[in-house]
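Bear in mind these aren't lab numbers, they're just calculated from the coordinates by the rules spelled out. Just so you know, these numbers come straight off a predicted model, no measurement behind them. Cβ placement follows ideal geometry from the backbone for every residue including glycine, while neighbour counts extend to all protein chains displayed.
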Amino acid sequence: MFLLIKSIEDYMLPCVIKEHFGFDCIGCGLQRSAVFFIKGQFLDAFLMYPALYPMLLFFVFLIFDMFKKIEHSEKIKLGLASLILIAAVTNYILKLFVN
C-alpha cells in the first residue's frame, strides 16, 4: 500500500496557475489532501483542503442515488455542491490572508 501511495505522490499534477502566476488557485491542495486521506491522515487531509470531505460525501451520494432514487435528491445535490463551494472559497480566502 505504501509503495502505491509513494508512486501517486511522484505523479501528482503541478498547478498551472501557480507555475505561471506564482499564487495558489482555488483547487491547490486537493491532490495532497487526497493522498493524506488515502494514507489515513484525516486531520492533515482536512487541514490541507477542507472541501475534500464534502466532495467525498457528494460523490458517495451521487453513486447511492444512481442505484436507489432518493426523494428531493436534486435539493440535496445542490446543498452539497454549495457546501463544497463555500468550503473551497473560504479555504482559499484564508490561505490568501494567512500566507
- Could you check which residue among 35, 16, 89 shows the biggest mean-square fluctuation in a GNM of the chain with a 10 Å Cα cutoff? 16
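Pairs of Cα atoms under 8 Å, at least six residues apart: use those to get the relative contact order of the chain, whole percent. It would help to have the intermediate numbers written out before the result.
Values: 70 pairs, mean separation 23.4, N = 99.
Here the relative contact order equals 24 percent.
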- Degrees, to the nearest 10: 52-67 long Cα axis against longest axis of the chain: 30
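Which is the longest run of the chain containing none of the chymotrypsin sites (Phe, Trp or Tyr not before Pro) found in DSSP loop states (not H, G, I, E, B) with at most 16 other C-beta atoms within 10 Å?
On the way: sites that count: 11, 23.
Between exposed loop sites, the widest span is 24-99.
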- Within the chain, pairs of Lys residues whose Cα atoms are less than 22 angstrom apart, provided they are eight or more positions apart or on distinct chains, add up to 4
- Task: May I ask for the percentage of alpha-carbon pairs in the stretch 2-98 that lie more than 20 Å from each other?
- Result: 48
